[in-house]
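Take a look at the structure below.
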Amino acid sequence: MEQQEIRGVWSSKVGFIMAAAGSAVGLGNIWRFPYMTGMNGGAAFVVVYLLFVFLLGFPIMLNEFIVGRRTQRNPVGALENLAPSTSWKLVGGLGVLTGFGILAFYSVIASWTLGYIVKSIEWGWFNPIEIDKIEVVFNEFIHSPGEIIIYLIIFMLLTMAVVYGGVKNGIERWNKILMPILVGVLILMIIRAITLPGALAGISFYLKPDFSKINDRILIAALSQAFFSLSLGMGAMVTYGSYLSKKDNMINSALIVCSFDTLVAFLAGMAIFPAIFALGMAPTQGPHLVFVVLPIIFLKMPAGAIVGPLFFILLTIAALTSTVSLMEVVTAYFIDEKGWKRHYAVIMIGVCCTVFSILAACSMGILPQVTHLPLIQMSFFDVLDKTFSTYSLTIGALLLAIFVGWRWGLKPAIEEAQNGNKNFREKVILSIFSQEITFAKIWSVLLKYVTPIAIFILILDSLKPSENYQVIGYFTAFLIIETGALWLLIRWLADIKMNPGQIILVPIIRLLFLFILGPLLILIPYLGYLLAFILAIILNYVLITYLLKIPKTKIWNILALFTLFEFLGVIILLYFAFNI
Ligand code: PHE
């Protein structure tokens, strides 16, 4: 408790939720979500995104809160505290680096929104602009170094000022009134957008999924967008959780933050897509998308001259509460671990980051050297975005889930979450196989198995250079899923722990079974399924009795599930890896 008083705690439960939601809601929702949706096929992307937010994002957010509150440290200190003198603290280090990296490109877009406050006032009140000029003006704007750099510096100074003010004074206060207003303004914009003639095509692009569009590029894009939007995978939520008091209910907080963040993103899309289609524009134009579409909505809207500037003010503040959390992670690291004073840390980080941001801003066409970096032909901005949002965040989240699930242990984690929410471990929601399912159990399975496996597969999938590699990827994924699933089944159903040799051998042998079962399915139509099924039972029976030595009474349960798994495995592999 003493330590909490020195470091500062949130002044109220609502204050914490607001601060965490402030970190989550930002340009990720209003700028990145719509353009990612536009580039990745529309509604199908939205469906995958929603699935990832609740299946993967929510358990990971809770995980970060738990680690933060338990240790009351920044991500590096937190891991050092839970696993002293190990390399796990590098995971925290990756988070700190990622915070810096995201801040560097994020503030570029934030400076555009700042500039758009001024521009929308100008367009609304003094100097009306024609719709077809908006794109030209936007391009001129991002190509004028003087203007951009000034906004960038102003924005960075604002971020520094809030972080400098410290947790309680600075971070928490802003969000309480502003977030609800932001939602209100979005709703006004939606009303305008969906009543534009031709808006229906946009609504159907956004809401009517065409699942045949889903491919691996879309999956990783949705995953990284979910983590980016929820501020996960780099320790922002660890750091914010570290200022929580033991009485706070972290489970509810995580649920509220995830839902609110998703709501804002969803509303943003609802305002933008109908307008894009009504105006006959392409949804696939990337990062520029919302800056070209939004001003048009305001031009066409009654009282747009008021709503427009108000919207960009709110968006700038939403961006600010996110950049504050990015900078806070880096700052908390230098304060806790290196003993720096807060003001010194803020100034150093702010100045260094501004240098990178200016480079990123100039890579939108101002400086050819950074606009097309040699060899990779990408802009410096894109490199930062791709490295830090797509890979760092997902890898960071993956490693922290593995750390808690497999190294530190779910038991202490659940105990921590139990403080402030008694139902977590105690309330039985369901009973299957005489196993009592509680929220804590569901979370454990999600964190220990589902999230690491899913994230790993998605990352692997996104890296594949060739088709062959893809097949290897599917087999590896299969092996990993199998190992986890078998381990779980045997432990839960028969209460037997596999030894390391069995953990490795059993899935490999079962993988070999696939090569026997697969051809049966392909070569003998219809009957092949039956034969494969029978063969799978026999093979598994032998495996279970000889290798796992499971007591007689438990054999049938396990055999049935093993066989079912094997069978599903063959079908999935044939379908995905070989397109059969
Ligand atoms: N979640 C923020 C947004 O949506 C961005 C962010 C990412 C903030 C990662 C902190 C950490 O704008």
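The values are calculated or read from the model by the stated rules, or taken from the named source; none is laboratory data. These numbers were taken from a predicted model, which means no experiment stands behind them. For neighbour counting, all protein chains shown are included, and Cβ atoms are generated from backbone atoms with ideal geometry for every residue, glycine included. Side chains included, ligands, DNA and RNA excluded: accessible areas come from the protein's heavy atoms. Shrake-Rupley method; radii C 1.70, N 1.55, O 1.52, S 1.80 Å.
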**Set of lysines with alpha-carbon distance to LYS338 below 17 Å, sequence-local pairs under 8 removed** = LYS89
**Asked** So how exposed is ASP385, as accessible area in Å² (1.4 Å probe, rounded to 10)?
**Response** 10 Å²
**Request:** Relative to the longest principal axis of the C-alpha atoms of the chain, give the angle of the C-alpha long axis of helix 289-299, reported between 0 and 90° and rounded to the nearest 10°.
**Result:** 50 degrees
**Asked** Using the Karplus equation 6.51 cos²θ - 1.76 cosθ + 1.60 (θ = phi - 60°), what ³J(HN,Hα) coupling, rounded to whole Hz, does each residue of the range 301-315 give in order, writing x for Gly and Pro?
**Response** 9, x, 6, x, 5, 9, 5, x, x, 4, 4, 5, 5, 4, 5
**Complete:** Of every Cα-Cα pair in the range 357-413, the percentage lying beyond 16 Å is 56 percent
**Message:** Which residue, ILE437, ILE522, VAL355, has the largest displacement toward the positive end of the dipole of the chain when charges sit on each Cβ (Lys, Arg +1; Asp, Glu -1)?
**Reply:** ILE437
**Message:** If you count only protein heavy atoms and use a 1.4 Å probe, how large is the accessible surface of LEU488, to the nearest 10 Å²?
**Reply:** 40 Å²
**Under 5 Å, built H, 5+ apart or other chain: amide partners of THR438** = ILE429
**Asked** Dividing the Cα convex hull volume of the range 336-380 by residue count, how many Å³ per residue is that?
**Response** 86 Å³
**Message:** From the phi angles alone, apply the Karplus equation (6.51, -1.76, 1.60; θ = phi - 60°) to the range 446-456 and give each ³J(HN,Hα) in whole Hz, x where the residue is Gly or Pro.
**Reply:** 4, 6, 7, 10, 4, 5, x, 5, 4, 5, 4
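What is the range 204-349's relative contact order, in percent, from Cα pairs under 8 angstrom and six or more apart in sequence?
Details: 48 pairs, mean separation 32.4, N = 146.
Averaging sequence separation for qualifying contacts and normalising by length gives 22 percent for the range 204-349.
Quantify, in whole percent, the carbon and sulfur part of the accessible surface of the chain (1.4 Å probe; protein heavy atoms only). Could you put the intermediate results ahead of the total?
Numbers: 16930 of 24090 Å².
C and S fraction of accessible area: 70 percent.
Just the number please: accessible area per residue for the chain, 1.4 Å probe, all protein chains included, in Å².
On the way: 24090 Å² over 580 residues.
About 42 Å² of surface per residue is accessible.
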**Prompt:** Just how much of LYS341 is accessible, in Å², when a 1.4 Å probe is used and the result is rounded to the nearest 10?
**Reply:** 130 Å²
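Students often get this wrong, so check it: of LYS441/LYS554; LYS246/LYS448; LYS247/LYS386; LYS119/LYS213, which have C-alpha atoms separated by over 32 Å?
Numbers: LYS441/LYS554 23 Å; LYS246/LYS448 24 Å; LYS247/LYS386 38 Å; LYS119/LYS213 37 Å.
Among LYS441/LYS554; LYS246/LYS448; LYS247/LYS386; LYS119/LYS213, the Cα-Cα distance tops 32 Å for LYS247/LYS386; LYS119/LYS213.
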**Value of [θ]222 nm, deg cm²/dmol, for the chain, DSSP H segments ≥ 4, -39500 (n - 2.57) each, nearest 500** = -22500 deg cm²/dmol
**Request:** Using θ = phi - 60° and the Karplus relation 6.51 cos²θ - 1.76 cosθ + 1.60, list the HN-Hα couplings for the range 514-529 in order, rounded to whole Hz, with x at every Gly or Pro.
**Result:** 4, 6, 8, 6, x, x, 4, 5, 6, 7, 10, x, 6, 4, x, 4
**Message:** Highest mean first, how do 431-437, 316-322, 158-164 rank when packing is the count of other Cβ atoms within 10 Å averaged over residues?
**Reply:** 316-322, 158-164, 431-437
**Asked** Projected onto the charge dipole of the chain (+1 at Lys/Arg Cβ, -1 at Asp/Glu Cβ, origin at the Cα centre), which of PHE155, SER224, ALA485 gives the Cα projection farthest towards the positive end?
**Response** ALA485
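Order 112-121, 276-285, 227-236, 517-526 from most to least packed using the mean count of other Cβ atoms within 10 Å. Could you put the intermediate results ahead of the total?
Details: 112-121: 22.4, 276-285: 17.5, 227-236: 30.1, 517-526: 14.8.
Peptide ranking by packing, descending: 227-236, 112-121, 276-285, 517-526.
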**Message:** Straight-line reach only, C-alpha to C-alpha below 19 angstrom: list the lysines that LYS176 could link to, leaving out same-chain residues fewer than 8 apart.
**Reply:** LYS13, LYS168
